[in-house]
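Quick notes on the structure that follows.
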Amino acid sequence: MTGTVNDGATRIDEIGDDIFRISTKVPPDVVPGGFTFNPYLIRDDSPLLFHTGLRGMFPEVREAVGKVIDAAKLGTISFSHFESDECGALHEWLSVAPKAEVVCSDLGAMVSVNDFIGKEARGLADGGTFTTGKYRFRFCRTPHLPHGWDAGVLFEETEKTLLCSDLFHQTGDLEPITSNDVVGRSHEAMKAYQAGILADYVPYTPLTAKNLAKLADLKPKTLAIMHGSSFTGDCARALDDLHVAFRDVFGREM
């Protein structure tokens, strides 16, 4: 690990070998409880950016990426589902790295992304893989988890890092990575949101348990979380426990 670069509201932390969490914090008066938006940069022969961040955050995230690699050499830009914090700055990133390949679900490419960027993204079916050099990524389709029929996550098979988008979201300005009760934190955030405008942001469907069990079967060692601290520890159990939390908060009427 190379340590931490802290630059005002945006900081960079290496949470695994050449895996960087780029975190921009948002104060409680903007998002209740405070919030972080965390794109992930994987430094490799063909570097990968997972989540573009919001378009308005592009200058800060671009500067942070530039402290680790030459941003023009990004090889892949990927994300879970079509939403502003996932891919809102996609055009801006493609202007910096025009040779980068956009990778998303095959459904997402067909219904949203190809039209959005004006060219064909690489749409992956469930289980589709690609490499960036020493790292190999598998796309795991997870429809409606965390939300969106086009949703999916990336699993890095070498170091066993799950780039898990909005799963395990937590509020507050938290440490970059923890081995503490990340499910408990996320459960509390979900319950707090149920009282406000962000209620029911995760649909609880018959697919929820199946999707989470599929991810748990991967036995990841690290959860790279988009909002809040990342997690290292018994990730399979955390994914099983997350289903219990989802059922408690979102599935009580089923």
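The values are calculated or read from the model by the stated rules, or taken from the named source; none is laboratory data. Remember, it's a predicted structure, so these values are computed and weren't measured experimentally. Please note: Cβ atoms are built from the backbone with ideal geometry, for glycine as well, and neighbour counts cover all protein chains shown. Side chains are part of the model used for accessible areas, which takes the heavy atoms of the whole protein and leaves out ligands, DNA and RNA. Shrake-Rupley method; radii C 1.70, N 1.55, O 1.52, S 1.80 Å.
Label sites at Arg237 and Ala9, each approximated as a point 7 angstrom past Cα along Cα to Cβ, lie 3.8 nm apart.
Ligands, DNA and RNA are left out, and with a 1.4 angstrom probe the accessible area of the stretch 182-237 is 45 Å² per residue. Computed over the chain, the P(r) curve from all C-alpha pair distances, binned at 5 Å from the origin, holds 1, 6, 14, 19, 21, 18, 13, 6, 1, 0, 0 percent per bin.
Normalising the average separation of contacting C-alpha pairs (under 8 angstrom, six or more residues apart) by the number of residues puts the relative contact order of the chain at 15 percent. Phi angles across the stretch 124-131 convert, under the Karplus curve 6.51 cos²θ - 1.76 cosθ + 1.60 with θ = phi - 60°, into 3J(HN,Hα) values of 9, 7, 4, x, x, 10, 7, 10 Hz, Gly and Pro given as x.
Computed with a 1.4 Å probe over protein heavy atoms only, the accessible surface of the stretch 71-118 comes to 38 Å² per residue. Among the listed pairs Lys25/Lys221; Lys25/Lys73; Lys99/Lys160; Lys73/Lys210; Lys67/Lys210, those whose Cα-Cα separation exceeds 29 Å are Lys73/Lys210; Lys67/Lys210.
The calculated FRET efficiency for the pair Lys219 and Asp29, based on their C-beta separation and a Förster distance of 51 Å, comes to about 0.80. Across the options Val249, Asn211, Val183, the greatest Cα extent toward the positive end of the charge dipole of the chain (unit charges at beta carbon of Lys, Arg, Asp, Glu) belongs to Asn211. With every protein chain present, what is the per residue accessible area of the stretch 128-170 (1.4 Å probe, Å²)? I get 28 Å² per residue for this part.
Within the accessible surface of the chain, defined with a 1.4 Å probe on protein heavy atoms only, the carbon and sulfur portion equals 50 percent. Each principal axis of the Cα cloud of the stretch 197-254 was taken in turn, and the coordinate range along them, longest first, works out to 33, 24, 14 Å. Using Cα pairs closer than 8 Å and at least 6 residues apart in sequence, work out the relative contact order for the stretch 1-142, in percent. Once normalised by length, the contact order is 16 percent.
The dipole here belongs to the chain: it is taken about the Cα centre, uses +1 on the Cβ of Lys and Arg and -1 on the Cβ of Asp and Glu, and is about 320 debye. Using a cut-off of 12 Å between alpha-carbon atoms, which aspartates and glutamates can reach Lys219, once sequence neighbours fewer than 8 places away in the same chain are excluded? Once the sequence-local aspartates and glutamates are set aside, what remains near Lys219 is Glu156, Glu157, Glu159, Asp234, Asp240.
Under 12 Å of direct C-alpha separation, and excluding same-chain neighbours fewer than eight residues apart, Lys119 reaches these aspartates and glutamates: Glu101.
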